[in-house]
Amino acid sequence: MSSHYIRFSFLIIALLILIALPFWASRYAANVLLLIFLYIALASMWNLLAGYSGSISLGQQMFVGLGGYSVAVFSMYYGFPVFIGVVMGGIISVILAALISRPISRMKGVYFAIGTWIIAEALGIAFSNWGYVRYGMGLFIQPAYKLSLFSIYYAAMIVGLGSVGLVYFLLRSKLGLALMAIRDDDVASETVGVNIFRCKFYCFLISAFVTGLAAGIVYLNTIFIQPFEAFGIGWTVNLLFIVIIGGMGTVEGPILGAVIFVLLQQFLAEYVGYNLIILGAITIATIFMAPRGIMGTFQERFRIVFFPIRRE
Amino acid sequence: MLVFMEPLINGILLGGLFAVIGIGLSMIFGIMKQVNLAHGEVMIIGSYLGLVFMRLLGIPPLVCLIFVIPCLFVIGFLLQSYLFNRVLGKGMEPYLMVSFGLSIILQNTLLKVFTPDARSLDSSLTIRTLDVFGLLHLPVIYLIGFAGGLVVIALLHLFMKRTYLGWAIRASGDDLGTSKLMGINTSRVYALAMGIAAVTSAVAGILVGMTFTFYPHSGTQYLITAFGVVIIGGTGSLMGTFLGGLILGVAQLLGGRLLGPGFQLLAGYLILLVVLTIRPQGLFGRR
């Protein structure tokens with residue numbers, strides 16, 4: 001019982017430090033942390049699909065692109081406040097996810113991976129041929145110039161920490177129980193009455209929504225959006241790296257992975273071109289040496305779990 | 001009607017090239033039930049090696065095949081021996097991710113070595129077109145691609161049916177346990193199979209380099225093309241792969257003619273998604 005309180009107070013203190021951070025830390029530090037929050041959100045959602053629902057998606061960038069373009073279009077073309085645009089990005093992503101969920105659910109394993117990727121590529125081509133969003137030239141999200149770093153930081157923090165909380169409570173709910181049953185034995189779980197399609201459907205929608213939201217904030221920060229970058233496979237490359245290094249199928253994995261990834265990215269920024277080679281090599285080395293990632297290996301060795309999914 | 005005749009015929013010809021792009025992926029998928037996401041990059045390495053030999057020796061691109069084929073065989077063999085064999089039998093995810101990591105490494109290494117400039121394997125054949133009664137204009141290079149497709153698939157068919165190694169590869173694909181019991185060194189057979197798949201990629205890489213311009217990141221696009229061929233044609237069947245290539249080629253060129261050149265790739269992707277939804281095992285595949 002006491003360990004529960006220690007953990008709880010530890011989390012509260014960490015939260016307070018993060019809230020106070022932009023008041024005392026440098027602009028650079030706040031910017032790095034902002035990126036970490038956003039990658040935590042994106043990676044947690046990829047992990048929800050890959051680590052818990054057993055479907056490796058190579059097409060998360062479809063929601064990244066939609067989220068980014070929603071912010072641009074709703075704030076610039078229609079004059080909505082930018083954060084309404086961010087929420088719209090989440091909603092539009094969910095609509096797309098719902099539309100493609102039927103066909104997608106028929107694809108298993110590798111087919112799912114490539115199917116989602118092709119949808120994202122198709123969207124990228126469609127957007128680059130669409131005059132409404134200025135073809136492949138891209139858009140500058142002008143309303144985002146007026147935002148202070150503070151508001152983007154807090155938005156990123158809410159989405160980042162919120163997504164961790166969401167995954168945590170989701171996995172402790174009935175849905176999480178069903179997901180793990182499916183992961184462990186799909187035939188047996190279906191026999192005892194778990195509706196596999198519905199469970200994966202909910203996961204897919206949630207993942208689409210949060211990815212769309214986080215992407216909107218990403219593009220508030222970068223300000224410029226261009227179809228082949230927004231719908232590019234590079235996003236999923238990063239998420240894959242984060243989750244594999246951190247530990248797939250753990251709640252903490254994406255957090256640790258995102259910290260490592262963003263710091264490594266800052267550190268390797270001067271070695272342009274080599275950073276992705278190094279990231280790829282680290283990914284392969286992790287799969288060979290610690291297939292459960294850092295957090296997974298750590299948990300196996302020491303049996304310490306910060307976010308226990310099992311209810312004692 | 002004649003307006004659609006040209007894209008139709010050119011699509012069929014282009015489809016032969018697409019079949020060569022997809023055949024290696026199809027072969028590996030049939031044998032190991034795994035998808036090599038670095039397939040496109042291996043092929044583009046073939047294109048760049050062709051460029052290197054062309055510049056070094058001043059020979060036409062098709063002659064470069066003599067040098068590029070052994071190079072890629074070795075690359076494929078080594079990749080399978082030292083990377084992929086280690087993650088076989090651990091399910092789908094590790095293989096998928098190792099090959100994905102490899103594709104990122106290869107792509108960025110190519111970018112470092114060859115710069116992001118557009119390249120092509122120029123020869124006197126690339127620009128020539130064939131006039132058919134003044135009605136149709138067929139690029140000669142498409143005809144070569146189509147012929148290349150037929151030759152590669154015929155040779156692969158003979159190899160699989162007639163040689164001991166071909167039997168061993170097929171046996172390992174059908175029943176891994178029994179083939180081991182029969183004394184087949186399956187990890188070596190897998191490595192040789194990947195080498196042969198890489199050889200088909202060498203041919204594909206040279207033909208693609210002669211037909212289109214290529215960049216270090218072109219591999220991604222051709223991986224999707226290859227996957228399209230495999231999905232439409234169904235896995236493991238050589239004839240299906242060939243027909244899959246034809247359908248994808250026709251879909252792209254007809255789509256491009258109907259909707260505008262920007263939508264050429266999109267038309268191919270849409271056909272692919274429709275097939276994935278309706279018949280995930282492919283149009284000519286068995287369940």
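General observations
- Count of residues meeting criterion [more than 27 Å from B:F84 (Cα to Cα) and surrounded by fewer than 15 Cβ atoms within 10 Å (Cβ to Cβ)] in the stretch A:260-282: 7
- Residues satisfying the stated conditions in the stretch A:275-292, i.e. more than 7 Å from chain B (Cβ to nearest Cβ), under 13 Å from A:I242 (Cα atoms) and modelled with pLDDT of 90 or more: A:I282, A:T286
- For the stretch B:96-126, the tally of residues that are more than 9 Å from chain A (Cβ to nearest Cβ), hydrophobic (A, V, I, L, M, F, W, C) and in a helix (DSSP H, G or I) stands at 3.
- Among the residues of the stretch B:138-161, not a single one is part of a loop (DSSP other than H, G, I, E, B), free of Cβ contacts under 8 Å to residues at least 12 places away in the same chain and β-branched (V, I, T).
- Residues that are closer than 21 Å to B:N36 by Cβ, of a type in the set (V, I, T) and touching a Phe, Trp or Tyr at 6+ places or on another chain (Cβ under 6 Å), drawn from the stretch A:87-128: A:I114, A:I118
- The residues in the stretch A:189-224 that are polar (S, T, N, Q), under 20 Å from A:Q60 (Cβ atoms) and crowded, with 20+ Cβ neighbours inside 10 Å can be counted, and the count is 2.
- Each residue in the stretch B:9-56 was checked for being in contact with a Leu (Cβ under 6 Å, 6 or more places away or on another chain) and of a type in the set (F, W, Y), and 1 of them qualify.
- Any chance B:F18 is under 16 Å from B:V203 (Cβ atoms) and buried (at least 19 other Cβ atoms within 10 Å of the Cβ): yes
- Qualifying position, being part of a loop (DSSP other than H, G, I, E, B), crowded, with 18+ Cβ neighbours inside 10 Å, modelled with pLDDT of 90 or more and within 14 Å of chain B (Cβ to nearest Cβ), among A:G232, A:G257: A:G232
This table checks each residue for (1) farther than 18 Å from B:L49 by Cα; (2) crowded, with 24+ Cβ neighbours inside 10 Å; (3) of a type in the set (S, T, Y).
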residue: B:G183; (1), (2), (3): yes, no, no
residue: B:S187; (1), (2), (3): yes, no, yes
residue: B:Y190; (1), (2), (3): yes, yes, yes
residue: B:A193; (1), (2), (3): yes, yes, no
residue: B:A197; (1), (2), (3): no, yes, no
residue: B:G209; (1), (2), (3): no, yes, no
residue: B:Y215; (1), (2), (3): no, no, yes
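- Selection from the stretch B:40-58 of residues that are among the hydroxyl-bearing types (S, T, Y) and surrounded by fewer than 24 Cβ atoms within 10 Å (Cβ to Cβ): B:Y48
- Test: residue in the stretch B:245-262 that is outside any loop (DSSP other than H, G, I, E, B), at the interface with another protein chain (Cβ under 10 Å from one of its Cβ atoms), surrounded by 20 or more Cβ atoms within 10 Å (Cβ to Cβ) and in contact with a helix residue (DSSP H, G or I) (Cβ under 8 Å, 6 or more places away or on another chain): no
- Residue that is at negative phi and buried (at least 20 other Cβ atoms within 10 Å of the Cβ), where the choices are B:G177, B:G148: B:G148
- Test: residue in the stretch B:229-241 that is crowded, with 20+ Cβ neighbours inside 10 Å, in contact (Cβ under 8 Å) with a residue 40 or more places away in the chain and within 9 Å of chain A (Cβ to nearest Cβ): yes
- Screening B:G205 on (1) in contact (Cβ under 8 Å) with a residue 40 or more places away in the chain; (2) at positive phi shows it passes everything except condition (2).
- Residue within the stretch A:283-290 that is of a type outside the set (S, T, Y), without any contact (Cβ under 8 Å) to a residue 12 or more places away in the chain and surrounded by 20 or more Cβ atoms within 10 Å (Cβ to Cβ) present: yes
- Complete set of residues in the stretch A:173-195 that are of a type in the set (K, R) and closer than 15 Å to A:G54 by Cα: A:R183
- Qualifying position, being surrounded by fewer than 23 Cβ atoms within 10 Å (Cβ to Cβ), within 17 Å of the chain's Cα centre (by Cα), within 19 Å of A:C203 (Cβ to Cβ) and touching a residue at least 12 places away in the same chain (Cβ under 8 Å), among A:I100, A:I92, A:I40: A:I92
- Hits in the stretch A:293-304 - residues which are more than 14 Å from chain B (Cβ to nearest Cβ) and either in contact (Cβ under 8 Å) with a residue 12 or more places away in the chain or closer than 20 Å to A:L35 by Cα (or both): A:I294, A:M295, A:T297, A:F298, A:Q299
- All positions within the stretch A:104-117 that are over 16 Å from A:A208 (Cα atoms) and surrounded by fewer than 23 Cβ atoms within 10 Å (Cβ to Cβ): A:R106, A:M107, A:K108, A:G109, A:V110, A:Y111
- Count of residues meeting criterion [away from chain B (no Cβ under 11 Å), small (G, A, S), assigned to a helix (DSSP H, G or I) and more than 30 Å from A:I12 (Cβ to Cβ)] in the stretch A:132-164: 1
Matching residues to (1) within 14 Å of chain A (Cβ to nearest Cβ); (2) not β-branched (V, I, T):
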{"residue": "B:L57", "(1), (2)": "no, yes"}
{"residue": "B:V74", "(1), (2)": "no, no"}
{"residue": "B:L83", "(1), (2)": "yes, yes"}
{"residue": "B:G91", "(1), (2)": "yes, yes"}
{"residue": "B:R128", "(1), (2)": "no, yes"}
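- Flag if B:G40 is within 14 Å of another protein chain (Cβ to nearest Cβ), of a type outside the set (A, V, I, L, M, F, W, C) and closer than 22 Å to B:G249 by Cβ: yes
- Scanning the stretch B:29-77 for residues that are farther than 11 Å from B:A198 by Cα, without any contact (Cβ under 8 Å) to a residue 40 or more places away in the chain and assigned to a helix (DSSP H, G or I) yields B:V52, B:F53, B:R55, B:L56, B:L57, B:V63, B:I66, B:F67.
- The residue of the stretch A:131-164 that is surrounded by the most Cβ atoms within 10 Å (Cβ to Cβ), among those that are closer than 28 Å to A:I206 by Cβ and of a type in the set (S, T, N, Q), is A:S163.
- Residue in the stretch B:268-287 that is surrounded by the most Cβ atoms within 10 Å (Cβ to Cβ), counting only those that are of a type in the set (A, V, I, L, M) and at the interface with chain A (Cβ under 10 Å from one of its Cβ atoms): B:L272
The values are calculated or read from the model by the stated rules, or taken from the named source; none is laboratory data. Because the structure is a prediction, the values reported are computed rather than measured. Cβ atoms come from the backbone with ideal geometry, glycine included; neighbour counts cover every protein chain shown.
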